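Asker: Got a structure for you, written out below as structure tokens; questions coming shortly.
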Amino acid sequence: MRGSRLVTGGSNWCRYDPVARRLTLTLHIQAGARCSEIAGLHGDALKLRIAAPAVDNKANAALIEFLSETLGVPRSSITIRHGATGRSKVVEITCGPEIVSRLGKLS
């Protein structure tokens, strides 16, 4: 991506493009967890536990809700770009650079 920069140390799970004002996250999702939370790194992805079953798109809806509440962005700014039916997902969030720093504090 032209103009994008790696946000976190040696991992490439998080990229921010300041020109497009777009944050791209590579995620590994564990659906059906006891509670929704950030679980740490899983290879080159950030692992999230989501408290919704992986049926009828419930886990994807809960993922978008979790990211919206955690990062303080509207749900409409979050899009699942790849992996809607699997555990590995690429999510794009339209946001400003302040969200990048907020995410850095959470992970």
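Just so you know, all these numbers are worked out from the coordinates, no wet-lab data involved. Here the structure is a predicted model, which is why all the values come from computation and not from measurement. Note that each Cβ is placed from the backbone with ideal geometry, even for glycine, and that neighbours are counted across all protein chains shown.
Asker: Which entry in (1) 39; (2) 62; (3) 32 is this structure's computed percent of Cα pairs over 20 Å apart?
Answerer: (3)
Asker: For a footprinting-style exposure proxy, rank ASP17, ASP44 by other Cβ within 10 Å, fewest first.
Answerer: So the residues, fewest neighbours to most, are ASP44, ASP17.
Asker: Would you compute, from DSSP H runs of 4+ residues alone, the mean residue ellipticity of the chain at 222 nm, taking -39500 (n - 2.57) per run and dividing by the full residue count, rounded to the nearest 500?
Answerer: Calculated from helices alone, the mean residue ellipticity at 222 nm is -7000 deg cm²/dmol.
Asker: For a footprinting-style exposure proxy, rank HIS28, HIS82, HIS42 by other Cβ within 10 Å, fewest first.
Answerer: Fewest to most other Cβ atoms nearby, the residues stand as HIS82, HIS42, HIS28.
Asker: Setting aside same-chain residues fewer than 8 positions from LYS58, which lysines have a Cα under 25 Å from its Cα?
Answerer: Reachable lysines: LYS47, LYS89.
Asker: What is the order of ARG102, ARG22, fewest Cβ neighbours within 10 Å to most?
Answerer: Neighbour counts put them in this order, fewest first: ARG102, ARG22.
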